[in-house]
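Written out below as structure tokens is the structure these notes cover.
The values are calculated or read from the model by the stated rules, or taken from the named source; none is laboratory data. Keep in mind that what you see is a predicted model, and the values were worked out from it rather than measured. Please note: Cβ atoms are built from the backbone with ideal geometry, for glycine as well, and neighbour counts cover all protein chains shown.
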Amino acid sequence: MAISENVLKGKIAENLIEELLKRCGNRVYRLGSDAQLENIVQLEQDFGKDSHIGKKISSIPDFAIIGALGLPQLLEVKFRTDPESLEEELLMEKEPLEKFWEAKIVVVTPKEKPYFRILTPPYFVKEKRDGWPIPVFRWMALENDRDILVEAEILREFDGLVRKYYSKRG
């Protein structure tokens with residue numbers, strides 16, 4: 001049941017971001033790998049999710065957007081109850097999104113404000129701690145991204161939707 005619930009939460013996050021960005025005046029185009037990979041696999045077994053090309057297709061970002069500066073950008077949306085859990089995942093598998101697609105990642109989290117956070121490539125910076133270089137996430141609140149239009153009033157409305165749809169009440 002947990003896997004299905006996480007899939008649903010992820011789809012809700014995608015829809016929240018799509019609607020938030022559209023309401024704020026961004027042009028948003030849905031991409032995503034789900035439909036493309038499913039259609040190809042039905043035709044060609046060699047394109048499975050674990051094949052080399054399947055991995056590239058499955059890393060296609062969720063959206064292409066045109067925001068404040070009029071430049072096209074790719075955007076991946078992730079839901080995480082605990083956004084720090086994404087750090088380990090990205091340390092291991094950031095190449096397709098960060099290097100190949102050069103996609104920004106929006107994380108929707110009900111843990112604490114800001115509920116909408118964004119990562120821009122490179123996702124990590126190296127900071128020295130006790131003489132050792134440590135990778136540190138480059139989070140910022142979505143409304144602080146200069147490339148994407150986000151209006152404070154509309155964002156507050158969507159903050160309420162995050163609390164509503166991701167509350168712990170059953």
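Here is how the numbers come out for the structure above:
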{"read-out": "In the range 149-170, residue nearest to Y115 (Cα to Cα) [restricted to those that are without any contact (Cβ under 8 Å) to a residue 40 or more places away in the chain and of a type in the set (G, A, S)]", "value": "G160"}
{"read-out": "Members of the range 139-158 that are in a helix (DSSP H, G or I), surrounded by 13 or more Cβ atoms within 10 Å (Cβ to Cβ) and aliphatic (A, V, I, L, M)", "value": "L142, I154, L155"}
{"read-out": "Odd one out for L75 among (1) surrounded by 13 or more Cβ atoms within 10 Å (Cβ to Cβ); (2) assigned to a loop (DSSP other than H, G, I, E, B)", "value": "(2)"}
{"read-out": "Filter pass, L161 being among the hydrophobic types (A, V, I, L, M, F, W, C), in a helix (DSSP H, G or I) and either under 16 Å from the mean Cα position of the chain (by Cα) or loosely packed, with under 11 Cβ neighbours inside 10 Å (or both)", "value": "no"}
{"read-out": "Qualifying residues in the range 127-138 (those that are surrounded by 11 or more Cβ atoms within 10 Å (Cβ to Cβ) and free of Cβ contacts under 8 Å to residues at least 24 places away in the same chain) - the one farthest from F158 (Cα to Cα)", "value": "I134"}
{"read-out": "Failed item, numbered, when R146 is tested on (1) in contact (Cβ under 8 Å) with a residue 60 or more places away in the chain; (2) basic (K, R); (3) over 23 Å from N15 (Cα atoms)", "value": "(3)"}
{"read-out": "Yes/no for P122 being exposed (fewer than 15 other Cβ atoms within 10 Å of the Cβ) and at pLDDT 90 or above", "value": "yes"}
{"read-out": "Filtered residue count, the range 95-126, keeping only those that are free of Cβ contacts under 8 Å to residues at least 12 places away in the same chain and assigned to a loop (DSSP other than H, G, I, E, B)", "value": "1"}
